[in-house]
Amino acid sequence: MARLSELGIDFQHWCFACGRLNPGGMHLDFEVSRDRAEARYTALERHQGYDGLLHGGVVTAMLDEAMGWAIFHQGIWGVTARISVTFRQPVPTNEELRVVGEITRDRGRLIETHGTVTRAADGSVLAEADATFLRMPESRRRELERRYSRTDEAFARVRAAIAAEEAAQPVEHGRT
């Protein structure tokens, strides 16, 4: 997997989930592969709801961000049109979590995704979500590309890293 922070993606902004300038944020750092994004995160007490448990809104933000990076690292600029979260178990603070977002279906203007939050230690599913992202209009995309300068170059490095990883994987042959 390719780590976005090592490939020139600009995180010097205020995004609650991935921005480095937000002192109260999560500072998620994603690794990506084709149609997929993954991060590890140890939930902080300042993000809790009930004592020792991560606030459901923060869990939702993690899932939204992971699913968003599953499309965004491919150069697709989109926004969440719909998200549905199912909480399977309480999500603890002060314990390493794994959040994964994956593209399940690309329908042109709409992209369907699925995400999970699991306990890193044992893989227990704590929460999962399905979301639909809407591709941004070209004018808004160009505006954001100007704001987040050099994204095309960074995305090209990400795509090259993913292609190199895929090329290095052994080819599986089916039995006949």
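The values are calculated or read from the model by the stated rules, or taken from the named source; none is laboratory data. Just so you know, these numbers come straight off a predicted model, no measurement behind them. Every residue, glycine as well, gets a Cβ built from its backbone with ideal geometry; the counts of neighbours run over all protein chains shown.
Condition (residue is outside any strand (DSSP E or B), in contact with a Gly (Cβ under 6 Å, 6 or more places away or on another chain) and of a type outside the set (Phe, Trp, Tyr)) applied to the stretch 37-52: is it met by at least one residue? Checking the stretch 37-52: not a single residue is outside any strand (DSSP E or B), in contact with a Gly (Cβ under 6 Å, 6 or more places away or on another chain) and of a type outside the set (Phe, Trp, Tyr). Of all residues in the stretch 103-133, those being over 14 Å from Asp35 (Cα atoms), at pLDDT 95 or above and loosely packed, with under 12 Cβ neighbours inside 10 Å number 4.
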